[in-house]
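Everything below concerns the one structure shown next.
Bear in mind these aren't lab numbers, they're just calculated from the coordinates by the rules spelled out. The model shown is predicted, which means the values in this text are computed figures rather than measured ones. Cβ atoms come from the backbone with ideal geometry, glycine included; neighbour counts cover every protein chain shown.
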Amino acid sequence: MTTFSLKAYAASAISFLALKEHSKGQVVYVDIDPDIILSEGGQAAELDLDQNGTIDFWFHNNSFTFYSSSFSSYRLMQNILVGPEIEANFIAGETGEYGTAYGGVYPRYYPFALESGAFINAELNFYNYDLQVMGLASFWSIGGTFGGFHANWFGIFVDETIDKFIGIKFLLENDSLCFGWIRCDVKDNGRTLIIKDYSYETTPEYPIIAGDTLHYVEGIDSIPSEPVYVYSFNETLYVNLQDSAKAMVTIASISGQNILKYETTELKSTVDMTGVSNGVYIVTVEYKNKLYTTQIAIH
């Protein structure tokens, strides 16, 4: 067995991003660089999400060949599996039943392949089962006749599922349950798993958005209770003001280089950040003779 453990990666290969939005919450983001790739049977990966020395989730490429006496055939089975390492951790998904050639019926669990922007919160179904299926394939040969099928992470008979998110709920070191996501690909008809990055909310039981690395802002269309509220989602910066007094907004890189400066009296203004490089930026708002500063992340 070949095992890739995130704990074994060099510190320089892991990018941590911890941001605060007016001290209302904190999100930790980790880019797994290089990506973990499980392309052969027997390979496994373990993720210690909060780096506390305890494995939280594991992944396994389970491929093997066997002889089926019921069908007098040789069969190749391929499974991409994921599971929580401890009982307190959960994966969002659904469950079904499958039958065997011998008449038995067993449960099977499937993690959701969440789209970017999906809410990960208590409204999802979460399961602790330790053999959840992200890829499933079976191929056989009977008297020179070949057949087979494959189901690929909530997409039956598709070759690949790219940049989808596993929704998770797991136990932090302080015994609080927090929501998060893990971004993966399942490729090659269910033969290969790629694990790219993950993020989690440190505020207990607080929702997170799949693909986002910032604290979720509830009620973003309402007037903020604070004089200035600044946040980002995807590649858009939002600046909300309590009233229509003049504000000067400055966006600068983490090194201090000004990217954009504009004046506004609008209660809500937005900035399209698609033209800037991914990274952390400092937003300063001069409003009613006071300065308000926060960090945003563009990715």
- Query: R0 = 45 Å: FRET efficiency of L260 with V105, Cβ-based, nearest 0.05?
  - Reply: 0.15
- Item | Environment charge of I251, counting only residues whose C-beta is closer than 15 Å and scoring Lys/Arg +1, Asp/Glu -1 | -3
- Task: In nm, give the distance between the simple-model label positions of S176 and D243, each being 7 Å from the Cα along the Cα-to-Cβ direction.
- Result: 3.5
- Message: Suppose R0 equals 45 Å. What FRET efficiency, 1/(1 + (r/R0)^6) with r the Cβ-Cβ distance, do S116 and L291 give to the nearest 0.05?
- Response: 0.85
- Only Lys, Arg, Asp and Glu count, each charged at its Cβ (+1, +1, -1, -1), so figure out the dipole size of segment 228-298 about its Cα centre, rounded to 20 debye. 180
- Query: Per residue, what volume in Å³ does the convex hull of the Cα atoms of segment 228-298 enclose?
  - Reply: 74
- Query: Which of the aspartates and glutamates could a cross-linker bridge to K268, judged by Cα under 12 Å and excluding same-chain residues fewer than eight apart?
  - Reply: D221, D243
